[in-house]
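Heads up: the structure comes next, in structure tokens.
The numbers here are math on the coordinates, done by the rules we state, and not lab data. Computed from a prediction, not measured in an experiment: that's the story for all the values here. FYI the Cβ positions are ideal-geometry reconstructions off the backbone, even for glycines, and counts take in every protein chain you see.
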Amino acid sequence: METSHSGESRFVSDHLQIATTELREVVRQIQSEDIDSRVLRDFRNAVDHVRATAEAVRQWFELKEKGADPYSVLPTLGKERVRRTALLARDLNLDLDTMEVGIETAGLEGLYHSVDGLNKRLANMFNRH
């Protein structure tokens, strides 16, 4: 017998599927519009991130319903964050090169400190291996 919680999980999963399908359609439609390639690339990357995260949510619900460990989706989310951060860093480097982002850009100092901390942790990780 289906519990209310499992019904809610299916409801959320179905809506996530509908939303990601609609976002794919929006990407397809705006590709034919006169839009700067950087804006389109950012939108596509954001949609890819939403789709990957929505899939992790769907898997979370599915694993919970089956009595399996839903926390097993966390490495997938970590992998998605690494992928997304690498893309953002590449794009931000281009923005810095073209001077579209500069010292006056809001949030840049906070980004600097976050990236510095990340760089130190990654350096420690790679030095251990």
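Some values worked out for this structure:
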read-out: Single residue of Arg58, Arg44 found to be touching a Leu at 6+ places or on another chain (Cβ under 8 Å), in contact (Cβ under 8 Å) with a residue 12 or more places away in the chain and either farther than 25 Å from Val82 by Cβ or of a type in the set (Lys, Arg) (or both); value: Arg58
read-out: Neighbours by Cβ (under 8 Å, 6+ apart or cross-chain): first from the stretch 64-87, under 22 Å from Val12 (Cβ atoms); second part of a helix (DSSP H, G or I) and of a type in the set (Phe, Trp, Tyr); value: Pro70/Trp60; Pro70/Phe61; Val73/Trp60
read-out: Check on Phe11, in a helix (DSSP H, G or I), of a type in the set (Phe, Trp, Tyr), at negative phi and surrounded by 14 or more Cβ atoms within 10 Å (Cβ to Cβ); value: no
